[in-house]
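I have placed the structure first, in the form of structure tokens, so that the comments after it can refer back to it.
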Amino acid sequence: MIRVLFNKKGGVGKSSLTCNLAAISAAKGLKTLVIDLDTQCNASQYLLNSPEPHNSLEPRIKSLDQITDNMAQFYDQTITFHIRKKPTIEFVSPTAFENLDIIPSSPELDQLHTKLESRHKIYKLKEGLEQLKGYYDRIYIDTAPALNFYSLSALIAADRCLIPMDCDEFSRQAIYNMMQHLMEIKEDHNPALEVEGIIANQFMARAKVPLQIINELKAEGHKVLESTISSSVKMRESHQVHMPLIHLAPKHKLTLELVALWEEIEGGEK
Ligand SMILES: Nc1ncnc2c1ncn2[C@@H]1O[C@H](COP(=O)(O)OP(=O)(O)OP(=O)(O)O)[C@@H](O)[C@H]1O
Ligand SMILES: [Mg+2]
């Protein structure tokens, strides 16, 4: 099962939710991989550079800078001929958390995308991920706030799309615009793509406008997930110590909401 978190609007919680849902999945015993396709590298920074090595017997990767296996290398080999093509699994790095691996992003992806586009490499991610089916139960892809080459590749490779939103008027407009794109991608490239739902992040239950926006989106037939995620400084604290909330504060309200969200999307999945 491959999920992509996507919203063209920036700062809505894509990276935070990708990493935390993936960490919950891993903590529940599912072999889970995060793929970071955003050159800001936020998900990579969050899940790597961990201050606490998980297993002292194994030298754990501590810094993103020390990792050379990343998405830029994965893509680079698709346009470099006469070299041995490495299987996708060789680009994976472990994190400090059990069952949780990552293929980190790299700023070099910015330089590569024109070449990739001109050589029609939009399906390479899908092909690459096919190889990982036997290794991972769940794959979560974090994307940049744009419908660029990489996010389009992710939407072509994924089974499901989750759309985090902050519940304001600009976000609502972004949702309409995005739904149109998603329908086109489904029709032209990936008929199996399912919009799993909109996630109300940093939701203020007591304020009038967010609830109104959610209710209106629902009334218009958009799938909005029932679980909402409130705003808490714990999220920033979790980024700062590079530890997803399920490990940092398993009993915290925000963590419980994230677990409820994970349970809602997992439903009866195997
Ligand atoms: N539930 C939350 N509570 C408090 N802060 C949050 C929450 N979700 C996200 N944030 C904060 O909002 C900011 C943006 O979050 P994040 O980076 O996950 O969004 P994004 O959609 O990935 O952004 P970008 O579009 O730049 O990639 C971060 O500073 C993060 O700490
Ligand atoms: Mg992000």
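Our summary gives segment 157-270 a relative contact order of 25 percent, counting only alpha carbon pairs under 8 angstrom and 6 or more residues apart. Pairs Lys8/Lys251; Lys9/Lys208; Lys31/Lys251; Lys14/Lys115: which exceed 29 Å Cα-Cα? As for pairs spanning more than 29 Å Cα to Cα, those are Lys8/Lys251. Modelled this way, with points 7 Å down the Cα-to-C-beta line, the labels at Ser230 and Glu117 are 4.3 nm from one another.
Measuring nothing but how far apart in sequence close Cα pairs (under 8 Å, 6+ apart) lie, relative to its length, segment 130-195 scores a relative contact order of 38 percent.
Within the listed set Ser106, Ser63, Ser118, the Gaussian network model of the chain (springs between alpha-carbon atoms below 10 Å) gives the highest mean-square fluctuation for Ser118.
The amide H of Ile102, built 1.01 Å from its N in the peptide plane, has Val34, Ser93, Thr95 as neighbours under 5 Å, considering only residues 5 or more places off or on other chains. Excluding same-chain neighbours fewer than eight residues apart, the lysines reachable from Lys253 by a Cα-Cα span under 16 Å are Lys234.
Span-like helix check, the chain: qualifying full DSSP H segments, with Cα axial length of 18 Å or more and mean Kyte-Doolittle of 0.0 or more, are 14-27, 253-266.
So if I take the centroid of the Cα atoms in segment 72-91 and the same for segment 211-270, what is the distance between those two points in Å? That distance is 35 Å. Taking the Cα centre of each part, how many Å lie between segment 1-23 and segment 130-177? Here the two parts' Cα centres lie 7 Å apart. Of all aspartates and glutamates in the structure, the ones whose alpha carbon falls short of 14 Å from that of Lys85, not counting any fewer than 8 places away in one chain, are Asp69, Asp76, Glu127.
Taking the average, over residues, of other Cβ atoms within 10 Å as the packing measure, peptides 239-251, 176-188 rank 239-251, 176-188 from highest down. Here the Gaussian network model covers the chain, with springs between Cα atoms less than 10 Å apart; of Leu254, Leu217, Leu48, Leu217 fluctuates the most. The listed peptides 78-88, 15-25, 128-138, 255-265, ordered by packing as a protection proxy, come out as 15-25, 255-265, 128-138, 78-88 (highest mean of other Cβ atoms within 10 Å first).
Dipole of the chain computed with +1 at Lys/Arg Cβ and -1 at Asp/Glu Cβ about the Cα centre; of Met243, Gln73, Ile213, farthest Cα towards the positive end is Met243.
Cβ-Cβ distance of Tyr176 and Ala219, R₀ of 22 Å, FRET efficiency by 1/(1 + (r/R0)^6): the value works out to about 0.95. GNM on the chain, alpha-carbon springs under 10 angstrom: the most fluctuating residue among Leu155, Leu125, Leu211 is Leu211.
Each value in this text was obtained by applying a stated rule to the coordinates, not by laboratory testing. Computed from a predicted model, the values in this text were never measured in an experiment. A quick note on method: Cβ atoms are made from the backbone with ideal geometry, for glycine too, and the neighbour counts reach across all protein chains shown.
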